Structure formats: C-alpha cells, structure tokens
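Student: Before we start, here is the structure in question, set down as structure tokens.
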Amino acid sequence: MYTIYADKELVYAPLLSNEGYGVINPKVNVELNKAGSAEFILPTDNVMYDNISKLKSMITVYDENDEIFRGRMTHDEKDFYNKKNVYCEGELSFLIDSVIRPYSYQGGVEELFVKYVNNHNSQVDPEKQFHVGIVTVTDPNDYIERESSDYPKSLDEMNAKLIDLLGGYFRIRLENGVRYLDYVIEYGNISDQVIEFGVNLLDISEYISAEDVFTVLIPLGAEQEDEDGNSTGRLTIESVNNGKDYIEDEAAVALFGRIWRVEKWDDVTKASNLFTKGKGFLKSGIEMAVSLSIKAIDLHILGVDTSRIKLGDMVRVISLPHKLDKYFLCSKISYDLENPQNTVYTLGISFASMTDKMVNQQKSVQNTVSVIQSAARSAGSSAQKANTTVQKVEQTIAQIPDEYVKSSTFEAYKQEINGKISAVYRFKGSVENYNALPLINREVGDVWNVLDTGANYAWTNDGWDKLSENINLSGYITEEQAEKDYVKTSAFEALVQRVEILERSGT
C-alpha cells in the first residue's frame, strides 16, 4: 500500500482518504540516471493543503515501508475548484543546485567521483547532501584526465565526464538513515519475481530508436607523436584487429545494415584497451536503442510471497508468443499509486533477443518446442492453482464468525480468478455429465461445463482437472448478520495503517 509524506507529515493514505488524507491521481516515475518525478492533485480538504512549500518541502513516497521516491516540490497549479496540481522532482536533481569551478584532474575514477560529491556537499544544505557510497566503475588504464573551464552544474558535469565516457549508474541508497550516492557499473539485484505471459504480463511493446543505432564503429584513442614530437594522428585498433581500424556487429548489420560511427577516447593510450572500450561501446549503443515497455502486475502487491520489482533489478520475462525467456534490466518504473495494475515497467533488452531469430533459427525452433512442452505441463499446474484459490475462498467464508468477509469482496475475488482462468483456458461448451466429456480432439486448455454438478473441467496432459462447481452458501452467515455482529476488515486495516503512521512519525 502506497503512502505520501511531506516533511514527515502524512499527505496520502488510501484507507484514510475520508479523513483528510486523500489525493487524486498520484503517480511516480523513477528511471536510471534520471532524477525522477512525482505528481498528484491535492484537494482543498487535505490536511496538508497549505503546508507544502516549493523547493523546500521534502516529498517522500513509500510502498509499505520501502521508500520508492524522495524529492522536492518544484511548482503547483490551482484549477477552477482550487485543487492543487503538485509536481515534484527526485533527489538526484539536488546536484543541479551546486556548480563546479574550473579544474584540471588526472587520476583514478573513484577519486574524481569523491571530488565531485564533496564539492556539491560544500555548497548545499544538509538535507541535499550525499555520503560517498560504493564506486565500482573503473577505467582500463586506471587513469583518466578531465578538465573544465566553465562553471557547469554538478549533475551536468558528472554526467558528461563520468556516465557519458565510462558508463555506469548513479544510485541513491538509504541505509541506516544515511543517504549514499553510489557510482556502480550495475545494480547487481536479481528479482525473484517472474513476469510471465498469461499470469501477470498485461501488455508488451518493443521499441527501436533508429536514430541511435550504429552497427560499425571506428574507435579512436589519444593523439600520437613520433620521436621528433610530430603528430601522427590518433591511436587506432589496427595493430590488434588484423589491420582493420573498425569493428562491427554482424547480427546488427544483418538487421539494420551498415551504419558507421566514430567515437574518441582522449585518455586511452593502448590499442588493446581501445579495442576493449570500442567493443563495449558498440554493444551498449545497440542495446540502448532497443527496449521493451511492459505493463505487468507486481505480484507482491497481490500478496504473493515474492519481492517487489525495483529500479535496477534484473527481471526474468517469459512470453511464449514473443519467444522471450530472458533477464532484462528494469530501467524505468511509472507507478500508478491508485491503480497499481496500470504501473508500467520499462526493461532494457539484450540485443541478442532481437537477433537470435535471424541468426539462430534452428536453436530458436528447438527452444520454442521446449517452451511449448513446458507450457503444456504448466497448464495443469495453473488449473490446480486456480482450483486451490477457489477452495481458499470457500474456507475463508467457512471461518465466519471468526473472520468476516463481505460478499462483495468474495465476488470481486471470484471475478479476479475468473479473469486469470480465462487468460489460460478456452471454453468449449457444456455436456450432461462427467462421462460425456469428449474422448477425442482435445487440446490442453479446453474447458467444458458439466451440467449435472455445475463443475468446469479443463483438459491437461494428465487428464481432466476440475476447476470449480456450484457452491451452497445456505449454511453460512448472512451479510446482514455480519454487519450487526462483526467489524469489517477494512475498518481494521485502517486502524492498522494509523498505527504504522504513528510508528513512522515516532509518536
């Protein structure tokens, strides 16, 4: 459950919306190497309506106890009814509040990063400062040269002199109340959650930005001189690349054609290091031009025992229709706090997944056969899971009066289950009884209704699997009686959230 705070004061809690803690259309966007943003509409009856200050108030968004956004309000706009549209930018933007004076630097990557961060901290208030964290980005020469004669913003200079030349990611990390700024080559987190077609994958789009694609690269290093000090041009890779000064990606050429690019590294003085840098740059350039935009339900919010998907996670995506079964980097998340099912995850795609179907057709066919066989086996498992879920609903009702569940909640739960079942199965028709179920022309996923019991049966590789049947609720407590004798779970949940809010505020 999501909550929003301003200067540690509660702004939004969905179960307390009627008590002055409601907002409209709250959304959060987080992205690798970007500041991120948050926005929401603040109604006039919100308790914090007059207590959020531009550029000063610190806005924090939580997913349960995990912080997913921290930043400041940049501006707001009032509509005809005086509702405020509040816009916020993430805390990486604090680095634009400081400048870097002219400098010249020679040394290691980590030392320069420390220099940048300490310079920023010396110019801003404590709440906008960062502790220097983990640095895992390196340079093959273990020696870089950087300089500037201007007065750039810290964030602009750090992007230009670190990210653009060496790659990696800036990561803000909260640990034991301390905010660290890391500079890492990769986040290193592998999510134990799987995004799977027919389960929690709602939509998938594939994007290729043609203007950024290049398939052949000429890497150039530092300026070279002869014994007399005369310039002989830039370092090339000819000496370590069979006399060729360029490298290419054959699979990418087959897909996009030959598109040339030249890239210079002024601090590279060895041909072998230049070759390594060039290959990495060619690969990353192609991958950055291709991405997946996925709309999926985070199973964690549905109560499934799995970790939530976080920015920077490597997430496994399985989609038989798209021939996908790979790990992708979660590079952006667009949260819809009111409707989590509308949250969109943007995943960086491995370029191999685009070209495998062109250069590895035979292997792809074999893999597809294996996946289909696996899907057939899992159909029976999915049917059993769905049936187990229905049984759990029945057990929940049977537990009354120990626990009260409204009939509307049961109906909503049943509709959710039916929706999941419909994504896996195909309804074929009705027969009089179980013995009348078809004996031939059956396919995995076929579902038939048996009229004498009202049960539905799905065909799996192991036989007919019963999904559901009519449930007799005559022996259970009525909603009218429950309303009189028991407290609704929603009221109890609101009370629990109040306790959590008090604990977080320290009262």
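The values are calculated or read from the model by the stated rules, or taken from the named source; none is laboratory data. The structure displayed is predicted, hence computed values, not measured ones. Heads up, the Cβs are rebuilt from the backbone with ideal geometry, glycines too, and the neighbour counts pull from every protein chain shown. SASA here: full protein model, heavy atoms, side chains in, ligands and nucleic acids out. Shrake-Rupley method; radii C 1.70, N 1.55, O 1.52, S 1.80 Å.
Student: Would you please name the residue that is farthest from PRO126 (Cα to Cα), looking only at residues in the range 57-68 that are open to solvent by 10 Å² or more (accessible area, probe 1.4 Å) and aliphatic (A, V, I, L, M)? Spell out the reasoning first.
Tutor: If we filter the range 57-68 for residues that are open to solvent by 10 Å² or more (accessible area, probe 1.4 Å), which is where we start, we get 58, 60, 62, 64-68.
Going one step further and asking which of them are aliphatic (A, V, I, L, M), we end up with 58, 68.
Numbers: MET58: 12, ILE68: 21 Å.
This residue is ILE68.
Student: Out of all the residues in the range 132-155, which are among the acidic types (Asp, Glu) and either modelled with pLDDT of 95 or more or over 15 Å from LYS115 (Cα atoms) (or both)?
Tutor: Scanning the range 132-155 gives ASP139, ASP142, ASP150.
Student: Looking at (1) free of Cβ contacts under 8 Å to residues at least 24 places away in the same chain; (2) assigned to a strand (DSSP E or B), find the lone condition where GLU67 falls short.
Tutor: So GLU67 meets the others, but not (1).
Student: So if I check each of MET1, MET48, which one is in contact (Cβ under 8 Å) with a residue 40 or more places away in the chain, more than 30 Å from ASP313 (Cα to Cα) and either touching a strand residue (DSSP E or B) at 6+ places or on another chain (Cβ under 9 Å) or of a type in the set (Val, Ile, Thr) (or both)?
Tutor: Only one candidate passes the filter, namely MET48.
Student: Only residues that are touching a residue at least 60 places away in the same chain (Cβ under 8 Å) and either open to solvent by less than 20 Å² (accessible area, probe 1.4 Å) or part of a strand (DSSP E or B) (or both): list them for the range 87-96, please.
Tutor: GLY90, GLU91, LEU92, SER93, LEU95
Student: Scan the range 97-116 and give yes if some residue there is assigned to a helix (DSSP H, G or I), open to solvent by less than 30 Å² (accessible area, probe 1.4 Å) and either among the aliphatic types (A, V, I, L, M) or without any contact (Cβ under 8 Å) to a residue 24 or more places away in the chain (or both), otherwise no. Break it down stepwise before answering.
Tutor: Step one: filter the range 97-116 for residues assigned to a helix (DSSP H, G or I), giving 109-116.
Among the residues that remain, those that are also open to solvent by less than 30 Å² (accessible area, probe 1.4 Å) are: 109, 112-113, 116.
Within this subset, residues satisfying the condition of being either among the aliphatic types (A, V, I, L, M) or without any contact (Cβ under 8 Å) to a residue 24 or more places away in the chain (or both) are 109, 112.
Yes: one or more hits.
Student: State all residues of the range 227-242 that are of a type outside the set (A, V, I, L, M) and open to solvent by less than 50 Å² (accessible area, probe 1.4 Å); if no residue qualifies, say none.
Tutor: GLY229, GLY233, THR236, ASN241
Student: Looking at (1) among the hydrophobic types (A, V, I, L, M, F, W, C); (2) closer than 21 Å to GLY348 by Cβ; (3) without any contact (Cβ under 8 Å) to a residue 40 or more places away in the chain, which is the one condition that is false for LEU235?
Tutor: Here LEU235 meets the rest and fails (2).
Student: Got at least one residue in the range 294-303 being part of a strand (DSSP E or B), open to solvent by 40 Å² or more (accessible area, probe 1.4 Å) and either touching an Asp or Glu at 6+ places or on another chain (Cβ under 6 Å) or at pLDDT below 90 (or both)?
Tutor: Scanning the range 294-303, I find at least one residue that is part of a strand (DSSP E or B), open to solvent by 40 Å² or more (accessible area, probe 1.4 Å) and either touching an Asp or Glu at 6+ places or on another chain (Cβ under 6 Å) or at pLDDT below 90 (or both), so the answer is yes.
Here's the yes/no breakdown for (1) outside any helix (DSSP H, G or I); (2) over 16 Å from the mean Cα position of the chain (by Cα); (3) surrounded by 16 or more Cβ atoms within 10 Å (Cβ to Cβ):
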position	(1), (2), (3)
TYR151	yes, yes, no
LEU155	no, yes, yes
LYS161	no, yes, yes
ARG171	yes, no, yes
LEU174	yes, yes, no
LEU181	yes, yes, yes
TYR187	yes, no, yes
GLU196	yes, no, yes
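Student: Continuing with this model, one more query. Do we find that ASP203 is of a type in the set (Asp, Glu) and closer than 30 Å to ARG426 by Cβ in this structure?
Tutor: It is true that ASP203 is of a type in the set (Asp, Glu) and closer than 30 Å to ARG426 by Cβ.
Student: Another question, if that's okay. Identify all residues within the range 225-247 that are within 41 Å of the chain's Cα centre (by Cα) and among the β-branched types (Val, Ile, Thr); write none if there are none.
Tutor: THR236, ILE237, VAL240, ILE247
Student: Regarding the range 69-83, can at least one residue be identified that is of a type in the set (Gly, Ala, Ser), more than 20 Å from the chain's Cα centre (by Cα), crowded, with 17+ Cβ neighbours inside 10 Å and farther than 20 Å from ASP298 by Cβ?
Tutor: Scanning the range 69-83, I find no residue that is of a type in the set (Gly, Ala, Ser), more than 20 Å from the chain's Cα centre (by Cα), crowded, with 17+ Cβ neighbours inside 10 Å and farther than 20 Å from ASP298 by Cβ, so the answer is no.
Student: In the range 37-61, which residues are modelled with pLDDT under 95 and under 21 Å from ARG308 (Cα atoms)?
Tutor: Within the range 37-61, no residue meets the criteria.
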